[in-house]
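A quick write-up on the structure given underneath.
What follows is calculated from the coordinates using simple rules that are stated; it is not laboratory data. If you're wondering where the values come from, they're calculated on a predicted model, not measured in any experiment. Ideal geometry is used to build each Cβ from the backbone, glycine not excepted, and the neighbour counts take in all protein chains shown.
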């Protein structure tokens, strides 16, 4: 092999890896994919027709901040997949969480949130909802007694991710739903890691499902979007907030997500197979101290995940020996995986959670969430798993 070939990480890549990776020539901007977007308002048949539509007396579109046919198609398809009555598309996953909070909470209300959520979700509750008089208690995901102890008469929402980001901890949705409902509260579950292809929280008692459509619902890292799924009554409340405040989904992005949903099950099964294979391999590597993936038989949530999920998903994390410096060396030595914080992509991504996705948390908050400096998260894509294993081997070799 020539030196030019040996310098090319794709020189010996297999078909699936080449189908995803070959021919990429990034600019200095570092883009991962290119978003495209479109249109605006609607023409009425007459002044009377316009008045009737604005008043809600006649069906039809008014303005794309209110309704859009493509967004509606996405909402209806996602609701059907999740087993919900309705869904609302939003401009991002965080917009989905914000819209849910603003529509359903008021000053004086109380929220219980898992400590094991995306760092920005923690910031939303702790920094911004507090400004509106909403109080929040953060409790360990796997401590139902602490969820119970945190309940108050004014508790309105229990919020969690399962599996969690980035440690892949698995909560008992049915148990927390029963707890919430006994106290007159709603259970909100972020289903981003599993999607309805692997897990349907509404069937397990949850009231609302949150999605960052940016992730697996798209599947190729092209667009940003979010969604909320639940009963028609709850979605009507959230839709009123969207119409008033405007964090709505663009029509083009909704079209991309529609296309993504068409292959969702096939992709999630493939992500899960490869992630399990990599997790099992990582467990055998001397530089790896611990692997976090519910598909592993020794994972504390393995049995529960096997009951409430169809497979274990495409995200895993692992801890290397040597702390942050070793973790950074491992990440920097990989040559196929994309160093980006996104996940749910056909392209495998790798990131250091402690300084990126959860970097805005205080050291104490990260410690409480179990996120240490040696932790690396990998969102396994659709490349050939042998090439991904070889890429991780390059990273582990750099750890020493």
Checklist entry - Top mean-square fluctuation among 184, 84, 93, Gaussian network model of the chain, C-alpha springs under 10 Å? => result 184
Item to check | FRET efficiency estimate (nearest 0.05) - Cβ-Cβ, residue 394 to residue 367, R0 35 angstrom | outcome: 0.70
Checklist entry - What number, in percent, do you get for the relative contact order of the chain if the mean sequence gap of Cα pairs under 8 Å and at least 6 apart is divided by its residue count? => result 19
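Any chance you could run the full-extension gain for residue 284 through residue 76? It's 0.36 nm times the residue separation minus the Cα-Cα distance, nm to one decimal.
Values: separation 208, 0.36 × 208 = 74.88 nm, distance 4.44 nm.
Length gained, residue 284 through residue 76: 70.4 nm.
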Checklist entry - Using Cα atoms only, what is the angle between the long axis of helix 251-262 and the major principal axis of the chain, expressed in degrees (0 to 90) to the nearest 10? => result 60
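Taking a ≥ b ≥ c as the square roots of the eigenvalues of the Cα gyration tensor of segment 47-262, is the shape rounded (a/c under 1.5), prolate (a/b larger than b/c) or oblate? Mind showing how you got there, number by number?
Numbers: a/c = 1.93, a/b = 1.44, b/c = 1.34.
Note, shape of segment 47-262 comes out prolate.
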Item to check | Highest-MSF residue in the chain out of 78, 104, 261 [GNM, Cα springs under 10 Å] | outcome: 104
Next on the checklist: What do you get for the angle between helix 69-82 and the principal long axis of the chain? Use alpha-carbon atoms, 0 to 90 degrees, nearest ten.
Outcome noted: 70
Checklist outcome for this item: In degrees, nearest 10, the alpha-carbon axis of helix 93-104 is tilted away from the dominant principal axis of the alpha carbons of the chain by 30
Item to check | Gain on full stretching of the segment that runs from residue 341 to residue 145 - 0.36 nm per residue minus C-alpha separation | outcome: 67.3 nm
Checklist outcome for this item: per DSSP, antiparallel bridges as share of beta bridges in the chain, % nearest 5, sits at 55
Checklist entry - Among 102, 249, 337, which one moves the most in a GNM of the chain with springs linking Cα atoms closer than 10 Å? => result 102
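Just order 128-141, 111-124 by mean Cβ neighbour count inside 10 Å, highest at the front, would you?
Numbers: 128-141: 16.6, 111-124: 21.6.
So the peptides 128-141, 111-124, ranked by packing, come out 111-124, 128-141.
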Checklist outcome for this item: Note on segment 47-262: contact order normalised by length, alpha-carbon pairs under 8 Å, 6 or more apart, percent, works out to 29
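What is the extension gain from residue 265 to residue 130, computed as 0.36 nm multiplied by their sequence separation minus the C-alpha to C-alpha distance, in nm to one decimal? Don't skip to the end; give the middle numbers.
Numbers: separation 135, 0.36 × 135 = 48.60 nm, distance 3.83 nm.
Separation in residues times 0.36 nm, less the Cα-Cα distance, equals 44.8 nm.
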Item to check | Distance from segment 109-170 to segment 58-99 (C-alpha centre basis), Å | outcome: 25
Next on the checklist: From the mean inverse distance of alpha carbon pairs (Kirkwood) and the Cα radius of gyration, derive Rg over Rh for segment 117-224.
Outcome noted: 0.97
Checklist entry - Say each of residue 360 and residue 245 gets a label point 7 Å from the Cα, pointing the same way as Cα to Cβ; how far apart are those two points in nm? => result 1.5
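If neighbour count is taken as other Cβ atoms inside 10 Å, put 328, 147 in order from fewest to most.
Values: 328 18, 147 24.
Fewest to most other Cβ atoms nearby, the residues stand as 328, 147.
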Checklist outcome for this item: Mean separation of Cα contacts under 8 Å (at least 6 apart) over the residue count of segment 213-331, i.e. the relative contact order in percent, is 21
Checklist entry - Once a ≥ b ≥ c are taken as the square roots of the eigenvalues of the Cα gyration tensor of the chain, is the result rounded (a/c under 1.5), prolate (a/b larger than b/c) or oblate (a/b not larger than b/c)? => result oblate
